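To start, the structure itself, in structure tokens.
The values are calculated or read from the model by the stated rules, or taken from the named source; none is laboratory data. Because the structure is predicted, anything quoted here is derived from the model rather than measured. No Cβ is skipped: glycine too gets one built from the backbone with ideal geometry, and neighbour counts run over all protein chains shown.
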Amino acid sequence: MTPTLYMVMLLGLLVTASGLRCPKCLPWQGNCKGKVEMCVPGQNACVVQQLRLTSVMENALRVGCRKCEVLPSDTEAGFSVTSTCCFTDLCKAIDMSLPSLALGPPCQSCVGSATTCGPNSPTVTCGDPRGQCVQISRRLLPGEKGDTMYKACGWQGPSEELLAIAAGPDLAYVHVQRCRGAGCNNGSFAEVPRGKPNGKLCYTCRDTGAGECNRRQMPTMSCTGAMDQCVKVRSTDWNKPAILLRGCGTPNLCGPLQPRGRLLLPFERKVHCCSGNHCNYEAPLPASRARPPAAPGTAAAGGAWS
């Protein structure tokens, strides 16, 4: 940690959160003039965070009370976060001047939950006149924490995309919506149904620390909707290699690393896919020469990991 960052974070610890107020938006943002929030214990600063996801979104802004901290970026996936903090009442965390060369459409811009990033969020004027507005709804696996709603200026792309993964009853997805028009990304959180069974059968497990994905016998699941690939999610931590999840996933999880996939799964995980029924199995470590167990009434089918 740099000395400068250490000093500003130390200063933040000296602030009495109950007496700190922060602006909820920047002066040049639309649909949010003069809004202020009162900070609560644990929120030691007025913060401006700007999120960028290559080929997906620019200028997703979070403005207001928050704990001052350095958030991780993922250069490989094109995910970056810039955070600026200040620690006095109604302070300005960044230069409040209007961005130059803002020639694109106005789009809602926010990061948070379905409540804090709803239909009446502040707007920013985008830089690219050919750009689109984007709205991303993110459902996390049970027990995982993070933001679930993003609105921002977007890159050109299809009007709708879905990345999804399921392990038994647990479902996670990233639903991307793009549109053209002033402030058109003004929707609410998108609830995406699982869909009907599509005929694909996969082994399923989710590791909770008890080795659920390292057993010889494990249940199977019927895949639904667009999730027609068997998937295996592996930790990329070489000190603790492990299978973290088996289940069903959408095909767009299976190609090269995609920025949208960064929102679906944390940094230290890698998704492998295969196309055959019950193909997402390998013997527990240490590797055994025994064949994978076949589902009742079927033979274990092979499939090449992508």
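Restricting attention to the range 39-64, and to residues there that are part of a strand (DSSP E or B) and touching a helix residue (DSSP H, G or I) at 6+ places or on another chain (Cβ under 8 Å), which single residue is nearest to ASN185 (Cα to Cα)?
Of all residues in the range 39-64, those part of a strand (DSSP E or B) come to 45-53, 57-64.
Now restrict to residues that are touching a helix residue (DSSP H, G or I) at 6+ places or on another chain (Cβ under 8 Å): 45, 53.
Values: ALA45: 29, LEU53: 17 Å.
Residue satisfying both the conditions and the ranking: LEU53.
In the range 182-229, how many residues are under 22 Å from the mean Cα position of the chain (by Cα), acidic (Asp, Glu) and farther than 14 Å from LEU171 by Cβ?
Here the count works out to 2.
Is it the case that some residue within the range 281-294 is part of a strand (DSSP E or B), modelled with pLDDT of 75 or more and surrounded by 20 or more Cβ atoms within 10 Å (Cβ to Cβ)?
Here is the first cut: in the range 281-294, the ones part of a strand (DSSP E or B) are none.
No, there is no match, as no residue in the range 281-294 is part of a strand (DSSP E or B), modelled with pLDDT of 75 or more and surrounded by 20 or more Cβ atoms within 10 Å (Cβ to Cβ).
Please give the strands (runs of 3 or more DSSP E) falling wholly within the range 138-248 in which 2 or more residues are assigned by TED's automatic domain parsing to the domain that holds HIS272, in contact with a Lys or Arg (Cβ under 9 Å, 6 or more places away or on another chain) and of a type in the set (D, E, K, R).
Working: elements: 149-154, 160-167, 170-179, 197-203, 220-224, 229-235.
The strands (runs of 3 or more DSSP E) meeting that bar are 229-235.
Within the range 25-52, count every residue that is touching a residue at least 24 places away in the same chain (Cβ under 8 Å), of a type in the set (D, E, K, R) and either surrounded by fewer than 18 Cβ atoms within 10 Å (Cβ to Cβ) or touching a Leu at 6+ places or on another chain (Cβ under 9 Å) (or both). Walk me through it before giving the result.
Within the range 25-52, the subset touching a residue at least 24 places away in the same chain (Cβ under 8 Å) is 25-32, 36-52.
Of the ones still in play, those that are also of a type in the set (D, E, K, R) are 37, 52.
In the following step, the residues that additionally are either surrounded by fewer than 18 Cβ atoms within 10 Å (Cβ to Cβ) or touching a Leu at 6+ places or on another chain (Cβ under 9 Å) (or both) were identified as 37.
Qualifying residue count for the region: 1.
In the range 8-23, which residue that is part of a loop (DSSP other than H, G, I, E, B) and buried (at least 16 other Cβ atoms within 10 Å of the Cβ) is modelled with the lowest pLDDT?
Of the residues in the range 8-23, the ones part of a loop (DSSP other than H, G, I, E, B) are 14-16, 20.
When the remaining residues are screened for being buried (at least 16 other Cβ atoms within 10 Å of the Cβ), the result is 15, 20.
Details: VAL15: 48, LEU20: 95.
Among residues in the range 8-23 that are part of a loop (DSSP other than H, G, I, E, B) and buried (at least 16 other Cβ atoms within 10 Å of the Cβ), the one modelled with the lowest pLDDT is VAL15.
Quick check, is VAL134 surrounded by 24 or more Cβ atoms within 10 Å (Cβ to Cβ), in contact (Cβ under 8 Å) with a residue 24 or more places away in the chain and farther than 14 Å from ARG62 by Cα?
On the way: surrounded by 24 or more Cβ atoms within 10 Å (Cβ to Cβ): yes; in contact (Cβ under 8 Å) with a residue 24 or more places away in the chain: yes; farther than 14 Å from ARG62 by Cα: yes.
Yes; evaluated as a whole, the condition is true for this residue.
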